[in-house]
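In what follows, a structure is listed as structure tokens, so that the remarks can point back to it.
The values are calculated or read from the model by the stated rules, or taken from the named source; none is laboratory data. What you are looking at is a predicted structure, and each value in this text was computed from that prediction instead of being measured. Reconstructed Cβ throughout: ideal geometry from the backbone, glycine too, with neighbour counts over all protein chains shown.
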Amino acid sequence: MSRIAYVNGQYVPHLDAAVHIEDRGYQFADGVYEVIPVVNNKLIGEEGHLDRLWRSMEELKMAEPMKRKPLEMVMREVLRQNGVENGLIYLQVTRGVAPRDHPFPRDAVSSLVMTAKKTSPEKAEAKAAKGVSIITVPDIRWARRDIKSVSLLPNVLAKQEAVEKGAYEAFQVDEEGFITEGSSTNAWIITQDGTLVTRPTGNDILAGITRADLLKLLEQKNYKVELRPFTVEELQNAREVFLTSSSSYVLPIVEVDGKPVGNGHPGSISNDLRGIFKDFMNN
């Protein structure tokens, strides 16, 4: 079955999907987006993702492309037409099409596109069982990382550096030597005494939905958690390290900058947390 995309009110073959050359998302990265995981036909963290999408639009003074309930209906139709039971759905909203000029166009009509794709649970489990490696890089992004903007070039450069060094992800480091987050993930460490540490939300990181859901689960399970910045040195000396994201859920990290984390294998706590999160998704 060929893939189907949604573009401004129409369902079209994925290969034919297009927006106008003067769409401000294309010319100015004047847009926002969300990626929502789908597990057994269930959109995981749907409410949180859509809340964040609306917040991003409000922060950029961008008009909503449609009301929330109709948008939810379109999302499900995109999934149905693509036959996606396990995978990801991508939503992007831009300020729309207008003659190229920096100021916001008057009476702009926002553009909305959606795509969906299948993913392999088996491949994800194989990756988690082995664990992944990361590198650290300077954080060169803008000051409003809390907005899920399509302006991702610094993230792309960080991820590309990771790929070129044979790593899965790049954790970014601020000017004071603290980890902010990954290029497309939230960063966590587990200290030697078993405390889970992740940076608190603010303008300097994206408030991850998987991160937020995991924090709720940790509170229910009585894990010890500290919301604070942590240094590169703490990262390198941690008992365990893992990341969270919509596509990877909870993913153990076994190597940082070429040096093993612990014994170089996924840690017991990280594995337990992945199991807890999988149970959450399947219930």
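Before moving on, here are some points about what is shown:
- Residues being in contact with a strand residue (DSSP E or B) (Cβ under 8 Å, 6 or more places away or on another chain), touching a residue at least 12 places away in the same chain (Cβ under 8 Å) and either over 13 Å from PRO65 (Cβ atoms) or in a loop (DSSP other than H, G, I, E, B) (or both) - total across segment 10-23: 6
- Test result for TYR26, assigned to a strand (DSSP E or B) and not basic (Lys, Arg): no
- Hits in segment 43-62 - residues which are outside any helix (DSSP H, G or I) and surrounded by 15 or more Cβ atoms within 10 Å (Cβ to Cβ): LEU43, ILE44, GLY45, LEU60, MET62
- Candidate set from segment 158-180 (those that are among the aromatic types (Phe, Trp, Tyr) and within 18 Å of the chain's Cα centre (by Cα)); member that is surrounded by the fewest Cβ atoms within 10 Å (Cβ to Cβ): TYR168
- Residue list for segment 117-157, filter: surrounded by 13 or more Cβ atoms within 10 Å (Cβ to Cβ) and among the polar types (S, T, N, Q): THR119, SER133, THR136, SER149, SER151, ASN155
- With respect to the stated conditions, PRO200 fails to be farther than 29 Å from ASP272 by Cα, of a type outside the set (D, E, K, R) and without any contact (Cβ under 8 Å) to a residue 40 or more places away in the chain.
- Breaking point among (1) on the phi > 0 side of the Ramachandran plot; (2) not in a loop (DSSP other than H, G, I, E, B), for TYR90: (1)
- Odd one out for SER120 among (1) at pLDDT 95 or above; (2) within 21 Å of SER247 (Cβ to Cβ): (1)
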